[in-house]
1. Take the stretch 33-45 and flag every residue that is outside any loop (DSSP other than H, G, I, E, B) and surrounded by 24 or more Cβ atoms within 10 Å (Cβ to Cβ).
2. Buried (at least 17 other Cβ atoms within 10 Å of the Cβ) and of a type outside the set (A, V, I, L, M, F, W, C) - does that describe any residue in the stretch 249-257?
3. In the stretch 71-96, which residues are more than 22 Å from Arg27 (Cβ to Cβ) and either modelled with pLDDT under 95 or of a type outside the set (D, E, K, R) (or both)?
4. Which count do you get for residues in the stretch 146-166 that are assigned to a loop (DSSP other than H, G, I, E, B) and surrounded by fewer than 22 Cβ atoms within 10 Å (Cβ to Cβ)?
5. I'd like the full set of residues that are part of a loop (DSSP other than H, G, I, E, B) and surrounded by 13 or more Cβ atoms within 10 Å (Cβ to Cβ), limited to the stretch 107-119.
6. Exactly one condition in (1) in a strand (DSSP E or B); (2) in contact (Cβ under 8 Å) with a residue 60 or more places away in the chain; (3) within 20 Å of Leu7 (Cα to Cα) is not met by Ile102; state its number.
7. Determine which member of the set Leu275, Leu271, Leu261, Leu235 is within 24 Å of the chain's Cα centre (by Cα) and either hydrophobic (A, V, I, L, M, F, W, C) or open to solvent by 20 Å² or more (accessible area, probe 1.4 Å) (or both).
8. When residues of the stretch 196-232 are filtered for being at pLDDT 95 or above, open to solvent by 70 Å² or more (accessible area, probe 1.4 Å) and in a loop (DSSP other than H, G, I, E, B), how many remain?
Amino acid sequence: MHYQDSLHVAAAQINARLGEVDANLERHLEVIAEAQEQAVELLVFPELSLTGYGLGGEVMQVAMPVEDPRLERLARAAGDMQLVVGFVEEASPGEYYNALAILQDGGIVAVHRKLNLPTYGGLEEGKWFTHGSELTQAQVRPGWSATQLICADLWNPALVHAALLPRPTVLCAPINSASGIVSDDFSNEQNWLLNVRFYAMTYGTPVIMANRYGPEGDSHFWGGSRILGPRGEVLAEAEDREMLITATLSRTPIARARFELPTHRDADTPLVRELMAGYR
């Protein structure tokens with residue numbers, strides 16, 4: 001198989017109308033068309049991009065099964081571009097997940113269900129959603145694969161380590177981060193940059209972080225979407241507005257970064273497993 005040398009990727013920094021799935025769907029279609037004009041091959045939307053974040057008891061009203069025709073419509077619109085879209089998945093009556101649909105070639109490639117549901121500060125996801133229990137990885141192009149983690153998933157280092165051990169070439173990080181939502185002293189704006197730069201550099205893995213920009217009720221989503229290279233360098237960063245950012249990734253810098261800092265090679269999973277055996 002001939003590996004593709006480069007991959008053109010994008011993050012869609014948009015806002016979402018709370019609970020208005022159909023209106024948000026139309027906004028997604030506009031962004032998809034814009035991305036196709038720029039020959040984007042992997043496009044990442046923010047967490048819960050089809051529904052908005054502060055749903056509370058309205059989770060049930062906006063939830064959809066993976067067979068929902070609206071997801072199929074997005075998949076058809078994508079063509080051979082891979083989309084990462086946030087939605088509320090109805091797995092069974094009364095069972096709802098904060099999830100990502102990975103869409104390509106007219107269908108659903110995979111679904112990632114959020115693993116780490118934050119219930120602290122102004123965050124209440126543990127009240128409304130069921131915890132996911134599996135990692136996901138999908139091939140985008142020959143030689144290019146992506147794994148997906150949602151927002152607070154990235155604040156559990158063990159989850160990130162487990163997700164990156166299979167050596168995906170890209171980490172997709174859709175988030176919904178509002179200013180001051182954790183506490184007055186915890187700066188989402190500064191700490192998210194520290195978080196994703198650390199993982200990109202440590203694992204030699206480019207990161208596509210897509211956050212919202214704009215208001216939802218009393219919350220302000222601060223944006224800051226960015227695409228990082230395999231040394232944590234910023235390849236593209238969004239301005240304080242809704243916009244699409246793009247960058248071209250290359251296999252050679254990824255290979256060089258992983259060769260010089262062989263985190264994957266030296267992970268020593270058997271030892272880590274042994275050391276953690278006594279902890280619950």
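The values are calculated or read from the model by the stated rules, or taken from the named source; none is laboratory data. The model shown is predicted, which means the values in this text are computed figures rather than measured ones. So basically every Cβ, Gly included, is an ideal-geometry build from the backbone, and we count neighbours across all protein chains shown. For the accessible areas, the whole protein counts, side chains as well, though only heavy atoms, and no ligand, DNA or RNA atoms are used. Shrake-Rupley method; radii C 1.70, N 1.55, O 1.52, S 1.80 Å.
1. Across the stretch 33-45, the qualifying residues are Leu42, Leu43, Val44.
2. No.
3. Ala91, Ser92, Pro93, Gly94, Tyr96
4. 3
5. Applying the first criterion (part of a loop (DSSP other than H, G, I, E, B)) to the stretch 107-119 yields 114-119.
Within the stretch 107-119, Lys114, Leu115, Asn116, Leu117, Pro118 qualify.
6. Failed condition: (2).
7. The unique qualifying residue is Leu235.
8. Selection size over the stretch 196-232: 1.
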